[in-house]
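All of the numbers you see were taken from the coordinates with simple rules; none came from a lab. Just so we're clear, the structure is a prediction, and the values are computed from it rather than from any experiment. Here the Cβ positions follow ideal geometry from the backbone for every residue, glycine too, while neighbour counts run over all protein chains shown.
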Amino acid sequence: MKNFQLDRFNNDLLIGLFAFNQASGYTVTKLKNRWQPTWENNLALAKQADAMGIDFLLPIARWRGFGGETNPHGTNFEPFTWAAGLLAATKKIFVFSTIHLPLVNPVYASKIMVTNDHIGNGRFGLNAVCGWNEFEFDMHGAQFNGHEKRYKHGEEWMTVVERIWSEDTPFDFDDEFFQLKQVKLNPKPVNGKHPLIMNAGRSEQGQEFAINHADYIFLGHRDLASDFVTKDVTALRQRATKLGRDNIGICTNIFVVCKPTQKEAEEFYKDFALTNADSQAISNIMIERGIDKLPEKFQEQFRNRAGAGHGAPNIVGDPEYVANELIRLHKLGINGFALGLFDYIEDLGYLSKTVLKELKSLGYRE
């Protein structure tokens, strides 16, 4: 079992920012002041987050938008070069790249990632995705594997990369997806520590892949009720124990709307996420993710919260409520939160003065 790293962050309750390399960020709204992923905005937000002590930045990897009136994610930055630029401009914050493994050769990717790791002096991370979007694979002319082969490919990919990062002797690799000869690359990762790995496997096979390779497992929750979260976390930790691992880090993605009062937060959420939702883009998201084939009950639930967070759970309220919800979820076993925000720069500033200040005063963050 590899040496997993859960001691790279200074905080107990981790806060990250999610999806701001994409047009509209993590919203599907028609409001004109929705997030614009210009490089100036990305750079300003990264520097702001670094100065505020935010723990990590996590992009989404996309190659095409979702259409509709606003085409969310239609404009986006490529995660490897995006990370390199932000690592060079920051000092403490970790910056991840989200990569669909079948689209990048592991030998080539390993060199890019180590380069980024040196740019950031050990602050680079990989969010490894084994591939889910057949539409985007068609754009690349890449083979879209079924579920089982998807993770077999990912297993080979990660094995090659991990060996490159750790071994000094040239090695051959001969398996189903990769046939490589005399592989050896330098430099190695900074201080002999491999870049942090994150993975969002949810199926049994996906979670086994994550348990074997990821420092932090990105566990998406469809419901934030305590019993649902406890069930998900417990099942994951039990599966990890059976596979010989007892030090799992768990992160999740949440969309946050925080305003001075509960009423203001709920009214703003209703305005951008419901009244002004781009319904056609939401329908397209559902088709790409196969949600249109689920029972009508689940489709309706998804539509009602897709405008904020693409279907991820939402925390909507005043600073006290938001802080208490993060603490509640943390106590249930969630180590870190990747936040989607409407206006990342403005909203992060408000969170820093309110929610993050409260979390610090209670000892959850430095």
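Remarks
- Likely footprinting exposure, MET139, MET113, MET286, fewest C-beta neighbours within 10 Å first: MET139, MET286, MET113
- Sites matching trypsin sites (Lys or Arg not before Pro) across the range 171-216 that sit in DSSP coil, with at most 13 neighbouring C-beta atoms within 10 Å: LYS184
- For the range 14-361, share of DSSP beta bridges that run antiparallel, in % to the nearest 5: 15 percent
- Computed from the alpha carbon atoms alone, the convex hull of the range 212-293 holds 153 Å³ per residue.
- Counted as membrane-span-like here are DSSP H helices of the chain whose alpha-carbon atoms extend 30 Å or more along the helix's own axis and whose Kyte-Doolittle mean is -0.5 or above; there are none.
- Here's the list of aspartates and glutamates a cross-link from LYS297 could span, going by alpha-carbon distance under 19 Å and ignoring same-chain residues fewer than 8 apart: ASP223, GLU288.
- Qualifying GluC sites (Glu not before Pro) for the range 48-152 [loop in DSSP, other Cβ within 10 Å: at most 15]: GLU69
- Burial ordering of VAL28, VAL190, VAL355, fewest other beta-carbon atoms within 10 Å first: VAL190, VAL355, VAL28
- Identified option (computed P(r) over Cα pairs in 20 Å bins from 0, in percent; candidates (i) 29, 56, 15, 0; (ii) 27, 53, 19, 1; (iii) 29, 62, 9, 0): (iii)
- Ordered by the number of other Cβ atoms lying within 10 Å of each residue's own Cβ, fewest first, HIS330, HIS194 fall into the sequence HIS330, HIS194.
- Distant alpha-carbon pairs in the range 284-366 (separation over 15 angstrom), percent: 66 percent
- The range 1-50: trypsin sites (Lys or Arg not before Pro) falling in loop per DSSP and having at most 12 other Cβ within 10 Å: LYS32
- Straight Cα distances below 30 angstrom link LYS152 to the lysines LYS2, LYS111, LYS181, LYS184, LYS188, LYS193, LYS231, LYS242, LYS293, with same-chain residues fewer than 8 positions distant left out.
- Using C-alpha pairs under 8 Å with a sequence gap of at least 6, the mean separation divided by the residue count of the chain gives a relative contact order of 23 percent.
- If only the Cβ of Lys and Arg carry +1 and only the Cβ of Asp and Glu carry -1, the dipole of the range 38-131 around its Cα centre is close to 160 debye.
- Using alpha carbons only, the radius of gyration of the range 36-181 set against its Kirkwood radius gives Rg/Rh = 1.00.
- Contour excess over end-to-end distance, with Cα ends at PHE268 and LYS193 and 0.36 nm allotted per residue: 22.6 nm
- Comparing PRO79, PHE94, ALA214 along the charge dipole axis of the range 76-225, the residue lying farthest to the positive side is PHE94, per the Cβ-charge model.
- Globularity index of the range 177-217, i.e. its alpha-carbon radius of gyration over 2.2 N^0.38 Å: 1.53
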